[in-house]
Amino acid sequence: MIGEETRRILELLISGDYRTASDLANKLECSSKTIRIRVKELNDLFQKFSQYKIEIESKPRFGFRLVSDRKVTMEDLGQMLGMEQEKQLPVTLGERSCYLLFYLLERKDYVTISELAEKLFVSESVIKTTLKSVEEILKCYEIQVERRPGYGIRAVGQERNIRTCLVEQLSEYKNQFSIYSKTLEQEMEMMSSIVLKLMKEQDISIPEIPFYKFVKYICISIRRIQKGREVNFETYEPTKVDPSNKLFVKRLSEEIEKGYQIQLSESEEEYLAIQLAGKRVIGNAGEGNLVYREELNGLVAEMIDIILKEFSIDLSGNFDLIMQLNQHMVPLDIRLRYQIPIDNPVLEEIQQNYPFAYTIAQRTAEVLRAYYEKEIAESEIGYLAVIWELGLEKQKRLVEPSNILIVCSSGKGSSKLLTYRYRQEFGSYIDQIKICNLFELKSVDFDEIDYVFTTVPISEPVPVPVYEVTLFLNNEDIAQVRQILEKGSSGILQNYFKEELFFIDLQGSNKEEIVRELCKRSRSFLELPLDFEDSVLHREELSSTDYGNFIAIPHPYKAVGKETKVMVGLLEEPVFWGRNMVQVVFLISIGEREDQNLQRFYQQLMKILMDQDLIQKFIKCKDLQVILQQK
């Protein structure tokens with residue numbers, strides 16, 4: 001019998017076309033010298049068969065080709081050379097890694113490197129190289145490769161971690177180099193029917209991707225149990241899963257016993273209930289009334305509080321958002337407690353389309369990290385971002401009436417007419433209307449004012465958005481004012497940036513130096529609290545504010561100062577910030593004064609900062625208007 005490497009050479013030459021040694025070597029991931037050795041071995045074998053006139057011809061500058069006095073197929077060659085067609089072996093590094101991963105996870109006893117090399121028809125050095133990549137994968141599941149002199153190697157880890165690895169990697173490697181590949185799809189199809197029947201029977205909802213992961217976990221568990229590999233599930237506290245999950249698993253256990261003649265232990269049933277609880281959708285129509293535990297309600301409240309303190313956005317009155325978060329926390333709590341991974345196939349789209357919501361999700365994930373003492377996966381942060389985005393969108397639609405100031409120099413009669421006209425056109429968007437002239441503007445208390453609409457140019461600085469309109473409100477004015485009162489102005493960023501707070505030659509070798517330097521230079525134009533830098537760096541300790549695209553958005557861990565302003569620093573060369581390289585720093589001082597436009601400011605700013613072409617243009621042009629002129 002010949003090896004897999006030789007068989008692959010024949011497959012590539014069977015067409016009769018020339019193939020160079022380097023081409024064949026690239027296909028097989030070996031050296032040209034190995035190809036020449038294998039070709040010589042084949043020609044030596046062909047000479048032993050008198051019924052065929054067949055050889056691999058070599059021609060300079062053309063390479064090798066298979067020539068024969070009759071048409072031959074791979075089946076003919078297989079019979080001639082004793083190849084086992086049904087038994088394919090891995091050839092590439094990826095295929096060998098897959099094969100070795102599943103082989104080690106299924107084998108109980110030790111196996112030597114030489115045995116593996118002989119089994120795969122490769123050298124021991126190739127096996128050692130492959131083993132390195134396999135160990136990197138196994139580490140992610142807390143599984144180690146144990147080495148014992150004189151015995152060999154074996155994979156060692158908790159059974160539940162091994163099953164998680166098998167489920168995840170079987171999704172990753174969809175090829176024939178797995179002991180499960182031949183019949184797993186058929187088994188999953190049968191098990192899917194059973195699970196769907198029970199879901200309908202018990203009014204349980206599982207999304208499509210987690211559903212197939214759950215079914216795959218059941219099928220792999222059955223195979224492992226049949227081989228005597230059972231979960232020994234021990235915990236020092238009762239598992240916090242809803243009784244409906246245990247009832248479902250009890251019925252599933254009965255179906256498995258009937259179909260596979262095996263009985264699930266209490267530990268197996270318990271862990272299956274945990275797997276189910278981590279994949280369910282809570283709050284759908286038809287779901288039972290699950291109890292939201294007090295500690296989960298507390299975590300949600302802490303998240304809401306952090307958003308208020310850090311971003312000055314009050315979501316405490318958004319009941320639908322709070323309910324969604326509470327519902328999401330039930331299966332999330334299970335996944336985090338028992339380290340159950342979840343896929344998020346739309347993570348990249350979430351990061352690109354909802355950058356501000358993703359920023360909030362990253363920050364609020366710190367609450368979960370502190371509570372569970374575990375890192376929160378990006379896939380989980382992505383799902384949290386979707387919930388925050390829905391909440392923020394609803395918050396935008398729930399626009400509270402604004403207080404406006406009209407600046408007019410045409411006398412009391414015209415002022416009263418303007419008041420009447422604004423009430424008539426925008427009554428549902430306005431709470432209070434105040435009127436003054438240019439001389440009175442300096443004495444106005446802007447703490448109660450959201451917008452200024454003026455019929456005359458204003459040269460004095462005003463701490464709220466200012467918009468010029470005509471005295472008699474033409475159709476264009478009406479459309480503009482309505483847009484502002486409904487959802488803010490497209491030029492809202494202008495109110496938060498100042499040219500004097502833009503520094504194109506910022507210096508610093510790390511984020512602490514950069515933050516302190518930016519604050520020092522900004523104090524010439526902006527009043528900042530004495531502990532502002534420390535507050536910003538404390539926030540950075542909680543989680544780094546570099547979000548890719550060469551930008552960082554540091555800010556204090558709570559609102560400070562009177563009004564929200566942005567300090568911008570441009571570095572000559574990118575600096576490592578914590579997770580990514582950063583060249584543009586947007587340092588935000590969040591004001592304590594209530595600002596109805598703040599959420600829109602964040603969302604518009606984050607959308608702009610995630611635009612790769614725009615940021616590169618900004619770095620090149622060194623012009624703040626590149627940012628501010630975006631719609």
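The values are calculated or read from the model by the stated rules, or taken from the named source; none is laboratory data. None of the values given here were measured: they were computed from a predicted structure. Cβ: placed from backbone, ideal geometry, glycine included. Neighbour counts: every protein chain shown. Only protein heavy atoms, including side chains, enter the accessible area calculation; ligands, DNA and RNA are left aside. Shrake-Rupley method; radii C 1.70, N 1.55, O 1.52, S 1.80 Å.
Is it the case that GLU287 is at pLDDT below 85, farther than 30 Å from GLY591 by Cβ and open to solvent by less than 70 Å² (accessible area, probe 1.4 Å)?
yes
Please enumerate the residues belonging to the range 364-383 that are touching a residue at least 40 places away in the same chain (Cβ under 8 Å), open to solvent by 20 Å² or more (accessible area, probe 1.4 Å) and either in a helix (DSSP H, G or I) or within 16 Å of GLU310 (Cβ to Cβ) (or both).
GLU366, TYR371, TYR383
Those residues that are modelled with pLDDT under 80 and in a helix (DSSP H, G or I), I need them from the range 459-483; list them, please. Steps first, answer last, please.
Step one: filter the range 459-483 for residues modelled with pLDDT under 80, giving 471-472, 483.
Matches in the range 459-483: GLN483 only.
Inside the range 609-631, can you point out the residues that are surrounded by fewer than 19 Cβ atoms within 10 Å (Cβ to Cβ) and part of a helix (DSSP H, G or I)?
GLN612, ASP613, LEU614, GLN616, LYS617, ILE619, LYS620, CYS621, GLN625, VAL626, LEU628 - these are the residues of the range 609-631 that are surrounded by fewer than 19 Cβ atoms within 10 Å (Cβ to Cβ) and part of a helix (DSSP H, G or I).
Across the range 200-234, what is the total count of residues that are free of Cβ contacts under 8 Å to residues at least 24 places away in the same chain and either surrounded by 19 or more Cβ atoms within 10 Å (Cβ to Cβ) or in a helix (DSSP H, G or I) (or both)?
Qualifying residue count, the range 200-234: 2.
Out of all the residues in the range 17-73, which are under 50 Å from the mean Cα position of the chain (by Cα), open to solvent by 50 Å² or more (accessible area, probe 1.4 Å) and without any contact (Cβ under 8 Å) to a residue 40 or more places away in the chain?
Listed by number, the residues that qualify are SER22, ASN26, LYS27, SER31, LYS33, ARG36, ILE37, ARG38, ARG61.
Can you pull out the residues in the range 89-124 that are polar (S, T, N, Q) and under 37 Å from the mean Cα position of the chain (by Cα)?
Going residue by residue through the range 89-124, those that are polar (S, T, N, Q) are 92, 97, 112, 114, 123.
Across the range 89-124, the qualifying residues are THR92, SER97.
Could you please find all residues in the range 112-151 being part of a strand (DSSP E or B) and either at pLDDT below 95 or open to solvent by 30 Å² or more (accessible area, probe 1.4 Å) (or both)?
Residues satisfying the conditions are GLN144, GLU146, ARG147, ARG148.
The conditions are (1) charged (D, E, K, R); (2) part of a helix (DSSP H, G or I); (3) more than 21 Å from THR34 (Cβ to Cβ), and ASP109 fails exactly one of them. Which is it?
Condition (2) is where ASP109 drops out.
I'd like to check something: does the range 498-511 contain any residue that is modelled with pLDDT under 85 and open to solvent by 10 Å² or more (accessible area, probe 1.4 Å)?
From the range 498-511, those modelled with pLDDT under 85 are none; that's our starting set.
So far as the range 498-511 goes, no, none of its residues is modelled with pLDDT under 85 and open to solvent by 10 Å² or more (accessible area, probe 1.4 Å).
Checking LEU587 against (1) touching a Ser or Thr at 6+ places or on another chain (Cβ under 7 Å); (2) open to solvent by less than 10 Å² (accessible area, probe 1.4 Å); (3) hydrophobic (A, V, I, L, M, F, W, C); (4) under 20 Å from LEU542 (Cβ atoms), which test does it fail?
Failed condition: (1).
Which pairs have Cβ atoms under 6 Å, sit 6 or more apart or on different chains, and link a residue in the range 128-154 that is in contact (Cβ under 8 Å) with a residue 12 or more places away in the chain to one that is assigned to a helix (DSSP H, G or I) and among the hydrophobic types (A, V, I, L, M, F, W, C)?
THR130/LEU100; VAL134/LEU100; VAL134/LEU101; TYR141/CYS165
Could you please find all residues in the range 545-558 being open to solvent by less than 20 Å² (accessible area, probe 1.4 Å) and either outside any strand (DSSP E or B) or within 22 Å of GLU499 (Cβ to Cβ) (or both)?
THR545, GLY548, ILE551, ALA552, ILE553, PRO554, HIS555, PRO556 - these are the residues of the range 545-558 that are open to solvent by less than 20 Å² (accessible area, probe 1.4 Å) and either outside any strand (DSSP E or B) or within 22 Å of GLU499 (Cβ to Cβ) (or both).
Could you tell me which residue of the range 344-360 is nearest to the chain's Cα centre (by Cα), considering only residues that are within 28 Å of ALA273 (Cα to Cα) and open to solvent by less than 60 Å² (accessible area, probe 1.4 Å)? Break it down into steps so the answer makes sense when it comes.
Restricting attention to the range 344-360, the residues satisfying the condition of being within 28 Å of ALA273 (Cα to Cα) are 344-347.
Remaining after also requiring open to solvent by less than 60 Å² (accessible area, probe 1.4 Å): 344, 347.
Values: ASN344: 7, LEU347: 4 Å.
By that ranking, first place goes to LEU347.
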